[in-house]
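The values are calculated or read from the model by the stated rules, or taken from the named source; none is laboratory data. Worth saying up front: this structure is predicted, and the values here are computed from it rather than measured. Here Cβ is always computed from backbone atoms with ideal geometry, including for glycine, and neighbour counts include all displayed protein chains.
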Amino acid sequence: MPIKIIIVDDHGLFRAGLHALLANRPEIEVIGEAADGDTAVRLIYETRPDLVLMDVSMPGLNGIEATRQIKERYPDTRVLALTVHENESMLREMIRAGASGYIIKRAVESELINAIQAVMRGNMYVHPAMTRMLFTDISPSIKPKDINDETLTPRELVILKLLARGYTNRQIAQELNISPRTVEGHRSSLVGKLGFHSRVDLINYAEKHGLLEPK
């Protein structure tokens, strides 16, 4: 089955070019386009894509808020940010909103395809030019507890790794053959022990302590 994709960008020529590029890939099917976030959310309700290629800066509902709404309503739909913005704040906001990846528009075709494939495997993809920004030290305003202060259980460690790789609660439940409610319980325990609330903080923590498996 091909990967069903919706392209969301306010520039018609860019959408057309991207559509033409992806149309040459037999494993991909572009099933819709949208010029703004509001249209994208409605289109997802109608078509239920596997993946949304999401611009960040758009008139009306921007890509950050659109991603947040999409993940709340359709948690199984993955979002890959595709943007000109190469700055830390946009990257972190998109990940906080629920995006599974972030790639910049100057990327070559092979990088985009790799990003799509990685996200569809359940991994998080960040364009190499942006990776260093993502894995900078945690903000000084956040004071995480040391991992030695509170021992994580083996199951919590597994869930932490999956969360850091971009898995949703439902995907973790399927991966570990447990209920989503059980996942939420472990996630709450992680928050209590580590003091984190956002996925960015979890990723930073997992990277800092060598808990992310190499890709």
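Scanning the range 18-53 for residues that are under 13 Å from residue 66 (Cα atoms) and in contact (Cβ under 8 Å) with a residue 40 or more places away in the chain, we see that the one that is surrounded by the fewest Cβ atoms within 10 Å (Cβ to Cβ) is 53.
Annotation: residue 87 fulfils all but one of (1) farther than 20 Å from residue 33 by Cβ; (2) at pLDDT 90 or above; (3) in contact with a helix residue (DSSP H, G or I) (Cβ under 8 Å, 6 or more places away or on another chain); (4) of a type in the set (S, T, N, Q); the unmet one is (2). Residues in the range 1-17 that are in a helix (DSSP H, G or I), in contact with an Asp or Glu (Cβ under 9 Å, 6 or more places away or on another chain) and free of Cβ contacts under 8 Å to residues at least 60 places away in the same chain: 12, 15, 16. In the range 18-55, how many residues are of a type in the set (A, V, I, L, M) and farther than 20 Å from residue 108 by Cβ? Of the residues in that region, 8 qualify.
Please verify whether residue 56 is at pLDDT 95 or above and either of a type in the set (S, T, N, Q) or assigned by TED's automatic domain parsing to the domain that holds residue 93 (or both), treating the condition exactly as stated. No, not satisfied. The residues of the range 191-211 that are surrounded by fewer than 20 Cβ atoms within 10 Å (Cβ to Cβ), in contact with a Phe, Trp or Tyr (Cβ under 9 Å, 6 or more places away or on another chain) and either at pLDDT 85 or above or outside any loop (DSSP other than H, G, I, E, B) (or both), listed by number, are 207, 208. For residue 166, which of the numbered conditions (1) farther than 22 Å from residue 68 by Cα; (2) modelled with pLDDT under 80 fails to hold? Every condition holds for residue 166 apart from (1). If the condition is being surrounded by 23 or more Cβ atoms within 10 Å (Cβ to Cβ) and under 17 Å from residue 28 (Cα atoms), then the range 82-111 contributes only 82.
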